[in-house]
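Take a look at the structure set out below.
The numbers here are math on the coordinates, done by the rules we state, and not lab data. Bear in mind the structure is a predicted one, so any value in this text is a computation, not a measurement. Methodologically, a virtual Cβ is constructed for each residue, glycine included, from the backbone with ideal geometry; neighbour enumeration extends over all protein chains shown.
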2 protein chains.
Amino acid sequence: MTATQELTKNQSLVFNALARADGPLSAYTILDQLRNDGFRAPLQVYRALDKLLDYGMIHRLESINAFVACAHPHSHSHGHGMIAFAICEKCGQVSEFSDDIITGRVREWTNSNGFKQSKTTIEIRGVCANCGTA
Amino acid sequence: MTATQELTKNQSLVFNALARADGPLSAYTILDQLRNDGFRAPLQVYRALDKLLDYGMIHRLESINAFVACAHPHSHSHGHGMIAFAICEKCGQVSEFSDDIITGRVREWTNSNGFKQSKTTIEIRGVCANCGTA
DNA sequence: TTCGATATGTGATGTTATTACATTTGTCAA
DNA sequence: TTGACAAATGTAATAACATCACATATCGAA
Ligand SMILES: [Zn+2]
Ligand SMILES: [Zn+2]
Ligand SMILES: [Zn+2]
Ligand SMILES: [Zn+2]
């Protein structure tokens with residue numbers, strides 16, 4: 001799965017809701033936005049979110065129970081590096097970046113401890129540059 | 001606040017529940033464990049958890065909505081370094097560690113992007129050495 | 001066309017966290 | 001001692017987030 005047009009109807013609706021948003025959305029916010037498109041139940045949203053997560057098109061922000069469209073949609077799964085998110089607690093803006101050194105240090109720890117990593121969450125909460133100067 | 005004996009009754013009960021557990025507990029699991037001690041409502045747990053988080057005696061694991069007693073209770077707030085958690089999805093065991101290089105790289109990103117960090121979550125999900133060999 | 005895999009619709013339920021308000025307890029200064 | 005304030009507690013209700021169970025529909029390959 002690489003392109004939007006291969007998504008199913010519900011998956012497209014959910015992805016487009018996230019893509020046009022200026023920040024992360026909760027599943028229930030997405031549900032409310034899609035009522036007019038026929039959405040009636042949370043599961044319609046969660047099922048689409050699960051697929052979009054599989055496809056690497058969106059990310060889940062664990063610390064705020066919300067979802068965001070991937071900011072780097074053309075770097076497939078971000079190589080194999082870990083992704084970090086800086087989340088502004090004032091305006092909700094999310095910056096997505098990856099750092100090979102962080103990725104390497106985490107891998108060193110997991111290797112030397114025999115830990116088989118499956119998914120890693122790195123989320124920085126705080127106040128972004130715009131909101132900090134206000 | 002540095003020692004257990006300065007905690008209030010409810011705070012002590014919640015902290016001890018976490019301290020004797022062999023892994024992270026959800027707030028409602030703690031509530032159930034403390035029914036016999038007079039706990040009746042979620043808020044009694046959440047209020048104690050908030051204080052214990054303030055005191056740095058416990059941590060919240062964002063990716064599994066659970067809480068765990070700090071594994072390094074004598075290193076006050078872990079210096080000022082960020083803490084990473086490796087969470088086994090098989091047995092629930094949590095390993096807590098900090099890495100100055102990761103801390104430094106995150107700080108470099110926030111500094112160069114004008115982002116004022118308040119709290120950072122690093123959680124590695126996977127399978128621990130014990131469970132991997134089974 | 002028939003079968004299986006995938007996707008969808010819907011209601012009910014389960015899990016996690018907060019709001020609102022009343023009461024109690026501890027601290028300290030007048 | 002007492003009044004006043006801060007901190008802690010008790011309780012019910014509600015909000016927010018997520019999944020289960022079951023029925024139906026859609027699509028592609030055999
Ligand atoms: Zn991304
Ligand atoms: Zn901001
Ligand atoms: Zn700790
Ligand atoms: Zn394990």
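Within straight cross-link reach of A:LYS119, meaning Cα distance under 20 Å, which aspartates and glutamates are found once same-chain residues fewer than 8 apart are removed?
A:ASP50, A:ASP54, A:GLU62, A:GLU96, A:ASP99, A:ASP100, A:GLU108, B:GLU62, B:GLU89, B:GLU96, B:ASP99, B:GLU123
DSSP beta bridges in the protein assembly as shown, what fraction antiparallel, as a percent rounded to 5?
Working: 31 of 41 bridges.
The antiparallel proportion sits near 75 percent.
Within the P(r) computed for chain B, what percentage of the Cα pairs occupies the region above 27 Å? Could you put the intermediate results ahead of the total?
Values: 2359 of 8911 pairs.
For chain B, the share of Cα pairs beyond 27 Å comes to 26 percent.
Report, for B:CYS91, each distance to the same residue's label point in the other copies, shortest first and in nm; define the point 7 Å along Cα→Cβ.
4.7
What do you get for the angle between helix B:9-20 and the principal long axis of chain B? Use alpha-carbon atoms, 0 to 90 degrees, nearest ten.
So the helix axis and the longest Cα principal axis differ by about 60 degrees.
Going by the alpha-carbon gyration tensor, a ≥ b ≥ c the square roots of its eigenvalues, is region A:23-66 rounded (a/c under 1.5) or, if a/c is not under 1.5, prolate (a/b greater than b/c) versus oblate?
Numbers: a/c = 2.16, a/b = 1.42, b/c = 1.52.
The shape class here is oblate.
Can you compute the FRET efficiency between A:ILE101 and B:GLU89 using 1/(1 + (r/R0)^6), with r the Cβ-Cβ distance and R0 = 22 Å? Round to the nearest 0.05. List each step's numbers first, then the result.
Values: r = 26 Å, r/R0 = 1.18.
Efficiency, from the Cβ-Cβ distance: 0.25.
Name the long-range amide H neighbours of A:SER98: under 5 Å, sequence gap of 5 or more, or other chain; modelled H, no Pro or chain starts.
Correct list: A:ALA84.
When we measure straight from the Cα of A:LYS51, which aspartates and glutamates land under 16 angstrom away, once same-chain ones fewer than 8 places off are left out?
Once the sequence-local aspartates and glutamates are set aside, what remains near A:LYS51 is A:GLU6.
For region A:42-106, just say rounded, prolate or oblate: build the C-alpha gyration tensor, square-root its eigenvalues into a ≥ b ≥ c, call rounded for a/c under 1.5, and beyond that prolate if a/b exceeds b/c, oblate if not. Intermediate values should be presented prior to the final figure.
Values: a/c = 2.09, a/b = 1.29, b/c = 1.61.
Oblate is the answer for region A:42-106, as a/c is 1.5 or above yet b/c matches or exceeds a/b.
Return the inverse of the average 1/r over all pairs of distinct C-alpha atoms in the protein assembly as shown, which is the Kirkwood hydrodynamic radius, in Å to one decimal.
Working: mean 1/r = 0.0493 Å⁻¹.
Kirkwood radius, the protein assembly as shown: 20.3 Å.
Cα centroid distance between region A:1-56 and region B:1-62, in Å?
Cα centres, region A:1-56 to region B:1-62: 37 Å.
Shape verdict for region A:1-50, please, from the Cα gyration tensor: rounded (a/c under 1.5), prolate (a/b greater than b/c) or oblate. The partial results should precede the final answer.
Working: a/c = 1.69, a/b = 1.24, b/c = 1.36.
Here region A:1-50 falls in the oblate category.
What are the residues whose amide H is under 5 Å from the amide H of A:ARG125, where those residues sit 5 or more places off or on another chain and H is modelled from the backbone?
So A:ARG125 has HN proximity to A:ILE87, B:SER118, B:LYS119, B:THR120, B:THR121.
Compute the label-point distances linking A:ARG40 to its equivalents in the other copies; points lie 7 Å from Cα along Cα→Cβ; give nm, one decimal, shortest first.
4.0
Note the distances from A:SER118 to each other copy's matching label point, with points 7 Å along the Cα-to-beta-carbon direction, in nm, sorted shortest first.
Result for A:SER118, in nm, nearest copy first: 3.2.
Find how much the distance from B:HIS80 to B:ARG35 grows on full extension, using 0.36 nm per residue of separation minus their present alpha carbon separation; answer in nm with one decimal.
On the way: separation 45, 0.36 × 45 = 16.20 nm, distance 3.64 nm.
Length gained between B:HIS80 and B:ARG35: 12.6 nm.
How many Cβ atoms of partner chains, on average, are near each residue of B:96-109 if near means within 10 Å of its Cβ? If you can, show how the numbers build up before the last one.
On the way: counts 0, 2, 0, 5, 1, 5, 10, 2, 3, 8, 6, 1, 2, 7.
Partner-chain Cβ atoms within 10 Å, mean over residues of B:96-109: 4.
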